[in-house]
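Report on the following structure.
The values are calculated or read from the model by the stated rules, or taken from the named source; none is laboratory data. Worth saying up front: this structure is predicted, and the values here are computed from it rather than measured. Cβ: placed from backbone, ideal geometry, glycine included. Neighbour counts: every protein chain shown. Side chains included, ligands, DNA and RNA excluded: accessible areas come from the protein's heavy atoms. Shrake-Rupley method; radii C 1.70, N 1.55, O 1.52, S 1.80 Å.
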Amino acid sequence: MTERLNLLKEYILDKQHHQFRQSPDNVGLKDLCAKWASEKLSPIKRAASNFAAVLEAERTVILPGEKIVFTRTVINLPEIFTPEETDKIKRNKYLHERGYVCNISPNYEYTIEKGLAYRLKEIEERLIDPTLTDDNIAFLISLKTCIEALQKLIAKYEEYARSVGETEISGVLSAIRTSGAGNFREALQLLRILHFGLWAAGNYHNTLGRFDQYMYPYYKNDLETGRLTKEEALELLEDFFLSCNKDSDLYPGMQQGDNGQSMVLGGRSIEGEYLFNDLSAMCLQASYELRLIDPKINIRVDRETPERIYELGSRLTKIGLGFPQYSNDDVIIPGLIRKGYTKEDAHEYVVAACWEFIIPKCAMDIPNIDAISLIACVSENVESLKKCDKYEDFFTLVEASIQRRADEITLKHRNLYMFPSPMISLLMDGTIEKAQDISLGAKYNNYGIHGTGIASAADSLAAIKKYFFEEKSIDYKTLTAALDNDFVDCKALQSKLRNEAPKMGQDDDYVDSIATDLLDSFDKALSGRVNERGGCYRAGTGTAMYYIFHSKDLKATPDGRNKGEMIPANYSPTLFIKQKGPISVIKSFTKQHLSNVVNGGPLTLEFDQSVFSNDESIQKLGMLVETYIHLGGHQLQLNTVSREQLLDAKKNPSKHRNLIVRVWGWSGYFVELDACYQDHVINRIEFGV
């Protein structure tokens with residue numbers, strides 16, 4: 001990293017650019033929603049007008065030494081509906097999260113290549129069609145409004161850059177205000193502007209998609225023509241990466257860092273070519289040198305992936321970034337095809353904000369619409385044990401609970417309404433041709449359902465099967481009384497359930513086969529269901545923040561867990577498992593039919609920092625990841641932590657401001673997390689290699 005970039009990084013980490021931020025109230029954005037209501041603007045016109053007003057209010061800011069510009073200055077974006085209007089919508093419709101289109105992967109590539117003026121021309125030509133309805137016309141005009149607002153802000157930045165002597169920046173902005181990118185720097189700058197625009201429009205968790213694929217032609221051409229050296233290209237790339245860290249605290253999410261700025265590297269083409277290229281490797285190098293939480297890196301791999309790629313990824317794990325996350329094409333692509341995606345689209349898959357598998361450019365999937373607590377499905381049936389003659393009878397009750405919760409979810413999410421989103425519609429395929437906003441649907445409109453407490457549920461079922469049905473060493477009254485009283489005066493029983501019962505993660509077929517049955521039942525409960533947009537439901541092994549929510553009110557469970565004690569995040573062992581090493585965990589968590597739970601959700605492994613004392617440890621970790629992929633694992637994320645450092649950071653946060661941890665599907669600064677998330681990270685099992 002150059003001295004220029006190091007100074008820029010420190011400027012951003014010190015939050016010095018926050019001095020330029022403006023309250024909406026101070027820049028004429030207060031009560032915009034009331035203005036739109038009084039003018040009786042349609043929802044699509046409101047969305048476009050809101051976006052234009054926000055960009056109009058933005059200040060021009062060029063941070064010291066930066067080459068890739070655009071910095072958010074307007075905080076707390078104005079809403080397009082009044083509170084009363086929103087309440088009225090909620091009475092009749094289901095709003096997902098904040099109501100805005102989010103967590104999808106846009107087509108940046110096309111606009112970067114063609115340019116904003118070309119996109120305007122496309123819209124003008126589409127408007128000529130005499131068969132367009134008033135709604136069609138209003139939508140297309142809203143796209144024009146968004147492009148013109150972007151161009152106006154680019155021109156304002158261009159003029160400001162010229163006035164302060166930044167002629168290179170001014171020249172780049174002048175070129176991309178109308179035309180497509182002509183080189184790597186222009187491509188990075190236009191991507192930054194488009195990405196910036198999505199956030200300013202209220203659309204959040206915007207991934208960067210297959211960055212190394214659509215940016216590679218610009219990089220390659222610049223190197224071949226001598227416009228750039230590799231060192232200069234890396235410097236520009238790191239400048240772009242830094243831009244992803246300027247405004248992330250303004251992006252909505254459960255916690256700071258949960259912002260969806262992920263990118264996918266590598267992957268296998270439909271023709272069989274492995275696509276990890278020089279730019280892919282450079283992205284890993286940039287992350288390694290910068291050591292920041294954004295952008296989050298995901299690598300698509302398979303059985304034929306070269307070992308060196310695992311080793312490159314393991315270098316990032318060693319320094320504690322919590323990424324890269326690995327996704328296995330051999331499992332995921334067939335799983336997506338099974339769910340109705342075309343073979344061509346399945347090969348283009350990317351990772352959403354955390355780990356959900358989505359299709360870029362053409363999908364309006366909602367991969368995190370809800371979650372089912374699998375451990376709760378076990379827990380709520382324990383009282384019915386006395387009615388069951390054999391284990392299979394009890395498992396049938398658990399399956400019925402999963403089915404019932406699936407029924408509730410499908411009823412809950414009827415009458416979905418999403419706020420019109422012209423800016424992100426501009427970057428999605430087919431919207432201009434259809435003259436229809438992306439909020440109304442796309443080629444794919446599938447819903448993803450998380451499954452929480454998988455290991456806790458499998459462990460509980462294994463304990464019941466072994467001790468209640470087979471050995472009959474625990475009777476109904478003893479077990480139910482212990483669970484009802486949170487194991488008070490039952491410590492011996494709790495110790496047996498915690499420490500002697502079969503546990504997923506110890507390579508024990510007894511419990512691992514139960515986990516297979518459990519996930520198959522989860523998939524079966526959702527199979528065949530069609531949502532109101534014609535999409536399917538996808539089961540997944542991720543949890544998002546539900547691992548906190550679902551554990552909070554859960555009573556003591558048959559795996560020996562106390563009331564309120566945390567369940568694992570994602571597809572991982574319980575927090576109190578007696579570990580036999582990471583290989584045992586990997587074996588346990590690759591026996592299941594993972595193509596059936598293709599909504600995604602990684603196995604998460606924690607490694608103690610002390611094991612990374614030399615390059616040999618990096619090689620060993622790379623081999624461990626490779627083993628997981630070869631055994632048929634679908635997704636893997638790794639965290640490097642030091643329990644002592646985490647405890648000290650909780651006591652003395654000012655000393656550890658840049659300490660990064662993997663939370664559930666994203667990396668964040670430990671000291672900025674809420675205590676419940678900090679405690680969960682501290683209590684996870686640490687492994688050696």
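A few notes on this one:
- Selection of first residues in the stretch 258-270 that are farther than 25 Å from Glu344 by Cα and of second residues that are among the aromatic types (Phe, Trp, Tyr), restricted to Cβ pairs under 7 Å at least 6 apart or on distinct chains, gives the following pairs, ordered by first then second residue: Asp258/Trp666; Asn259/Tyr251.
- Selection within the stretch 518-545: residues that are surrounded by fewer than 24 Cβ atoms within 10 Å (Cβ to Cβ) and of a type in the set (Ser, Thr, Tyr). The member of this set that is farthest from Ala376 (Cα to Cα) is Ser527.
- Residues of the stretch 546-561 satisfying the condition of being surrounded by fewer than 24 Cβ atoms within 10 Å (Cβ to Cβ), touching a helix residue (DSSP H, G or I) at 6+ places or on another chain (Cβ under 8 Å) and not charged (D, E, K, R): Ile548, His550, Leu554, Ala556
- Applying the condition of being in a loop (DSSP other than H, G, I, E, B) and either of a type in the set (Phe, Trp, Tyr) or touching a Phe, Trp or Tyr at 6+ places or on another chain (Cβ under 7 Å) (or both) to the stretch 419-445 and asking which residue is farthest from Asp129 (Cα to Cα) yields Phe419.
Residue by residue, here is whether (1) at pLDDT below 95; (2) among the aliphatic types (A, V, I, L, M) holds:
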site: Lys9; (1), (2): no, no
site: Phe20; (1), (2): no, no
site: Asp31; (1), (2): yes, no
site: Ile104; (1), (2): no, yes
site: Glu113; (1), (2): no, no
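- Where helices (runs of 4 or more DSSP H) fall entirely within the stretch 107-218, those with at least 1 residues that are among the aromatic types (Phe, Trp, Tyr) and over 32 Å from the mean Cα position of the chain (by Cα) are at 134-163.
- For Phe468, the criteria (1) closer than 24 Å to Ile402 by Cα; (2) of a type in the set (A, V, I, L, M, F, W, C); (3) under 30 Å from the mean Cα position of the chain (by Cα) hold in every case but one, which is (3).
- Just so you know, in the stretch 353-388 the residues that are buried (at least 22 other Cβ atoms within 10 Å of the Cβ) and among the hydroxyl-bearing types (Ser, Thr, Tyr) include one that is nearest to His413 (Cα to Cα), and it is Ser373.
- Cβ-Cβ under 7 Å pairs, at least 6 apart or on other chains, the stretch 604-618 side on the phi < 0 side of the Ramachandran plot, far side among the acidic types (Asp, Glu) and outside any helix (DSSP H, G or I): Glu606/Glu686; Phe607/Glu686; Asp608/Glu686
- Pairs where the first residue, in the stretch 415-427, is on the phi < 0 side of the Ramachandran plot and the second is of a type in the set (Lys, Arg), C-beta under 8 Å, 6+ apart: Leu416/Lys93; Leu416/Arg533; Tyr417/Lys93; Pro420/Arg46; Leu426/Arg119
- Single residue of the stretch 615-637 satisfying the filter (at pLDDT below 95 and of a type in the set (S, T, N, Q)) that is nearest to the chain's Cα centre (by Cα): Gln637
Let's see how each residue does on (1) touching an Asp or Glu at 6+ places or on another chain (Cβ under 8 Å); (2) within 20 Å of Ser243 (Cβ to Cβ):
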position	(1), (2)
Leu8	yes, yes
Asp14	no, yes
His17	no, yes
Ile44	yes, no
Ser49	no, no
Leu55	no, yes
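- With respect to the conditions (1) open to solvent by less than 10 Å² (accessible area, probe 1.4 Å); (2) touching a Cys at 6+ places or on another chain (Cβ under 8 Å), His205 lacks only one, and its number is (1).
- Looking across the stretch 410-427, just one residue is closer than 16 Å to Arg529 by Cα and open to solvent by less than 10 Å² (accessible area, probe 1.4 Å), and that is His413.
- Residue match in the stretch 102-116 (condition: over 30 Å from Tyr216 (Cβ atoms) and out of contact with any helix residue (DSSP H, G or I) (no Cβ under 6 Å at 6 or more places or on another chain)): no
- Condition check for Leu95: among the hydrophobic types (A, V, I, L, M, F, W, C) and surrounded by fewer than 23 Cβ atoms within 10 Å (Cβ to Cβ): yes
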